[in-house]
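Structure record follows, encoded as structure tokens.
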Amino acid sequence: MGKYFGTDGFRGEANVSLTADHAMRIGRFLGHYYGKDKKARIVIGKDTRLSSYMLEDALSAGITASGADAYLLHVTTTPSVSFITRSERFDCGVMISASHNPFYDNGIKLLNQNGEKMDEMLIGQLEHYLDGSPDAIPFARRERIGKTVDYYGGRNQYIGYLISMARNTYKGYKVGLDCANGSTWMIAKSVFDALGAQTYVINNQPTGLNINLDAGSTHIEHLQKHVRDNGLDIGFAFDGDADRCIAVDEKGNVVDGDLILYIYGRFMKERGNLTDNTVVTTIMSNFGLYKAFDDFGIQYKQTAVGDRYVYECMRDNGHLLGGEQSGHIIFGKYANTGDGVLTAIKLMQAVTTREVPLSKLAEPVEIYPQVLKNVRVSDKEAALAHPAVVKAIKAAEKKLGADGRILVRKSGTEPVLRVMAEAHTPELCESCVSAVISAMKANGLVIEGK
């Protein structure tokens, strides 16, 4: 990826590595690029971070200064920006969010007219502008200056779309919702109330400083306790911008992205809707998921880590379901990005149609113990290719056999190799990971003391 933009946008600490000046210049670029032959329309959403308001104002100023119109959804979710961009034919969409990061970070995610993550070639042009002179793009003048439009109606349209996705009533179900003090703090309850559920909501009082703070999908233990303490039937936890969902069953057990993929992949296959009989995962999905897919006759593909790569595989091959262990689940028939609330609705469809508890639907998957260690190395490529390391990896593969796996992959942002093993016991995982790391250390490949 580029200097500023990674797989999930431009992200960093607000007013340190991501400033209002960056936001204004991004706005100027987008307004100019999409407005060369017309009056461009660009829609903006934001999460509840304190700095999101600053970045929204700066983006709007840049967009309108270049002659385009900025439509403000205000506090909303990333998938809602994707949906509105696509359905209302905006030229592009912008989401201001750092997802599951703490409040002091923020980010800018860019979506094309189809609600997909923006093309890397265009991102490259934008980065070139960010490193160059701001005067490379002219200011609009007189009647060509753009305007800002309050667009609350777009958010309501998205809520209506979500409600329309439900196939059954939720009457009689007690549902817990952890909104992470983020983008779903109003949306999630509105949807589940409208569908008849008795809702029990936590972390829905954003202050600008508490998004993801000991809350949401990255702190699932709080929803687990909430479900147990209140005798709930099911619970759903979202992250800051609600493109992720992690569920909790009626016993308080975590149902992560891998289990969600199994439950809904099986549900689709049983009804003849998994048309290609394939679910897209990343290389970090648990080995137990693949064993369960094999047992039920569902095929799968693996991509690099990142929902961008999952979506691209789905789009290019016509697959209808894919996602990550972290809770990014993409339903290709209905969305072009992960959507936490839509994921919750789809899980509820499986539960209410089958009329069995969530724990029963997840039961066939045996999640394998996993050990993952990060190793700082002087040269990632050299370490991976070193004969002693290759030999240690092959020895671990032989030791694990068909009932486990070892994976060594490069970090995309740090001088780090991630060594991961999955097997029936934590002890076997630990021994395999340790053997590979020992081979690195013995050959002087590891940066000690880091």
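The values are calculated or read from the model by the stated rules, or taken from the named source; none is laboratory data. What you are looking at is a predicted structure, and each value in this text was computed from that prediction instead of being measured. In this analysis, Cβ positions are derived from the backbone assuming ideal geometry, glycine residues included, and neighbour counts consider all displayed protein chains.
Quick notes on this one:
- In region 401-422 there is at least one residue that is of a type in the set (A, V, I, L, M), more than 30 Å from GLY252 (Cα to Cα) and assigned to a helix (DSSP H, G or I).
- Residue match in region 188-205 (condition: crowded, with 24+ Cβ neighbours inside 10 Å and either farther than 19 Å from GLN349 by Cα or free of Cβ contacts under 8 Å to residues at least 12 places away in the same chain (or both)): yes
- Within region 324-342, tally of residues that are closer than 27 Å to ASP403 by Cα and in contact with a Ser or Thr (Cβ under 7 Å, 6 or more places away or on another chain): 4
- Residue that is surrounded by the fewest Cβ atoms within 10 Å (Cβ to Cβ) [pool: residues in region 393-402 that are in contact (Cβ under 8 Å) with a residue 40 or more places away in the chain and farther than 11 Å from CYS429 by Cα]: ALA395
- Residues satisfying the stated conditions in region 89-116, i.e. more than 27 Å from TYR309 (Cβ to Cβ) and acidic (Asp, Glu): none
- Matching residues, region 206-264, being over 28 Å from LYS46 (Cα atoms) and part of a loop (DSSP other than H, G, I, E, B): GLY231, LEU232, ASP233, ASP249, GLU250, LYS251, GLY252, ASN253
- Residues in region 264-292 that are within 19 Å of the chain's Cα centre (by Cα) and among the β-branched types (Val, Ile, Thr): VAL279, VAL280, THR281, THR282, ILE283.
- Residue match in region 63-77 (condition: hydroxyl-bearing (Ser, Thr, Tyr), outside the structural domain of ALA242 (by TED's automatic domain parsing) and farther than 27 Å from ARG141 by Cα): yes
- Region 275-307, residues that are more than 25 Å from ASP8 (Cβ to Cβ), charged (D, E, K, R) and part of a helix (DSSP H, G or I): LYS291, ASP294, ASP295
- Residue identified as polar (S, T, N, Q), touching a strand residue (DSSP E or B) at 6+ places or on another chain (Cβ under 9 Å) and not assigned by TED's automatic domain parsing to the domain that holds HIS424 among ASN253, ASN286: ASN286
- A count restricted to region 95-137 and to residues that are acidic (Asp, Glu), without any contact (Cβ under 8 Å) to a residue 60 or more places away in the chain and either over 30 Å from LYS333 (Cα atoms) or crowded, with 19+ Cβ neighbours inside 10 Å (or both) stands at 1.
- Evaluating LEU358 against the criteria (1) out of contact with any Gly (no Cβ under 8 Å at 6 or more places or on another chain); (2) surrounded by fewer than 23 Cβ atoms within 10 Å (Cβ to Cβ) leaves one unmet condition, (2).
- Residue match in region 159-171 (condition: basic (Lys, Arg), at pLDDT below 95 and loosely packed, with under 13 Cβ neighbours inside 10 Å): yes
- Hits in region 31-54 (condition: of a type in the set (A, V, I, L, M) and either buried (at least 24 other Cβ atoms within 10 Å of the Cβ) or over 19 Å from THR184 (Cβ atoms) (or both)): ALA40, ILE42, VAL43, ILE44, MET54
- Selection of region 352-368 for residues being among the hydrophobic types (A, V, I, L, M, F, W, C), modelled with pLDDT of 95 or more and under 18 Å from GLY327 (Cα atoms) yields LEU358, LEU361, ALA362, VAL365.
- Scanning region 51-69 for residues that are touching a strand residue (DSSP E or B) at 6+ places or on another chain (Cβ under 8 Å) and within 30 Å of ASN203 (Cβ to Cβ) yields a total of 8.
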